1. Would you check which residues across segment 95-117 are more than 22 Å from N39 (Cβ to Cβ) and not in a helix (DSSP H, G or I) and list them?
2. If I filter segment 3-15 for residues that are in contact with a Pro (Cβ under 8 Å, 6 or more places away or on another chain) and open to solvent by less than 10 Å² (accessible area, probe 1.4 Å), do I get at least one hit?
3. Regarding segment 246-259, can at least one residue be identified that is touching a strand residue (DSSP E or B) at 6+ places or on another chain (Cβ under 8 Å), more than 26 Å from S149 (Cβ to Cβ) and either open to solvent by less than 20 Å² (accessible area, probe 1.4 Å) or at pLDDT 95 or above (or both)?
4. Identify, from the list L189, L213, the residue that is under 23 Å from the mean Cα position of the chain (by Cα), over 25 Å from E31 (Cβ atoms) and without any contact (Cβ under 8 Å) to a residue 40 or more places away in the chain.
5. I'm trying to understand the selection: among the residues of segment 192-210, which are within 17 Å of the chain's Cα centre (by Cα) and acidic (D, E)?
6. Suppose we keep only residues that are touching a residue at least 12 places away in the same chain (Cβ under 8 Å) and part of a loop (DSSP other than H, G, I, E, B) within segment 140-163. Which one would you say is surrounded by the fewest Cβ atoms within 10 Å (Cβ to Cβ)?
7. Kindly evaluate L98 against the criterion of being within 24 Å of Y188 (Cα to Cα), among the hydrophobic types (A, V, I, L, M, F, W, C) and surrounded by 21 or more Cβ atoms within 10 Å (Cβ to Cβ).
8. Which one of E121, E173, E131 is farther than 30 Å from K298 by Cα, surrounded by 12 or more Cβ atoms within 10 Å (Cβ to Cβ) and of a type in the set (D, E)?
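The values are calculated or read from the model by the stated rules, or taken from the named source; none is laboratory data. Quick caveat, the model's predicted, so the values are computed rather than measured. Methodologically, a virtual Cβ is constructed for each residue, glycine included, from the backbone with ideal geometry; neighbour enumeration extends over all protein chains shown. Each accessible area value is taken on the protein alone, full model and side chains, heavy atoms only, with ligands, DNA and RNA left out. Shrake-Rupley method; radii C 1.70, N 1.55, O 1.52, S 1.80 Å.
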Amino acid sequence: MTVDTIHDHLKPVTFNDYSVIHEFFKKYPSESCEFNVCNIFSWGLFYKFEYTIFSDRLILFNPYYSYLLAPIGKKISAAELFELYNSFKKVHKDVVILIADEAYIRDEPDVRGYFDIEENENLNDYVYTAENLVKLGGKKLAKKKNLISQFMRLYPGFALKPIEHGDYAEVMEFCYYWRQTHDVEDEYLDIEFEAIKVTLTHWDSLPCEGLKLYVDGKLCAFSIYSPQTADMATIHYEKPDPNVKGAGQVINHETAKLLIKNFTYINREQDMGFEGIRKAKRSYQPLRMIPCYKLKGK
């Protein structure tokens, strides 16, 4: 295989390839949720991600949106990255590269000579300290604490249970209900719905865990999360019943209380440009953002 023939060697990502792909993510961890093995499989099966291994690097391509993830593996020079980009551009004229490694762009001076670089704010990740999401200290987070207190008073018999193998029907029934409460025509929400299905279907194959919140024996919120790096976890999905006051704040708080046992930081992923999601994630006072850049060849 040469860089010019990489495209001919791409094959669909399937769970038969899980161990190979997972090993790359373990060996070369990234803080960005774009580079999370659970997301590659749960979203990637819908988007029909393709991959190959070239020069000790994992090459992942999303044909749905025509983007390459920055190669996962040993460091790649700007010239090599540009050569890889051009090999895909021959087949996909609108191809771009997504990269979340700010240090690479800073420390690889030649990259700006080969690519136009644009930050994609909609794909920036929100990072919090687990401690801050547990303590909810300060005036700016006081409203979150108050809503949790109200929930505890209203529903003293609430219960928490882990998501387990076999919970597909229960969680998906809640998802159908949740989707009806968000009665808007939006492709992202529909695709997210499919990604949750894949995650639950392959629960035993993915390094995901989850938490369910019950009121009066009825599921009213859940979260699904996985390790991102040695000191960071990523929350992939967090769905509360909008008709149960405080359910969103409680599932967020209880999930953070679990994660703080093993992780210092929590990545709550992106806002995808939705103003409501952006406002909600900013309201939790993120520690920092992980910028995502789009690279397009000059």
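1. E108, P109, D110, F115, D116, I117
2. Residues of segment 3-15 in contact with a Pro (Cβ under 8 Å, 6 or more places away or on another chain): none.
No, the conditions are met nowhere in segment 3-15.
3. no
4. Values: L213 fails: without any contact (Cβ under 8 Å) to a residue 40 or more places away in the chain.
When all the criteria are applied, what remains is L189.
5. If the condition is that a residue be within 17 Å of the chain's Cα centre (by Cα) and acidic (D, E), then E192, E194, E209 are the ones that fit.
6. Per the criteria, the residue is G157.
7. Values: within 24 Å of Y188 (Cα to Cα): yes; among the hydrophobic types (A, V, I, L, M, F, W, C): yes; surrounded by 21 or more Cβ atoms within 10 Å (Cβ to Cβ): no.
In short, no.
8. Working: E121 fails: farther than 30 Å from K298 by Cα; E173 fails: surrounded by 12 or more Cβ atoms within 10 Å (Cβ to Cβ).
Checking each option against the conditions leaves just E131.
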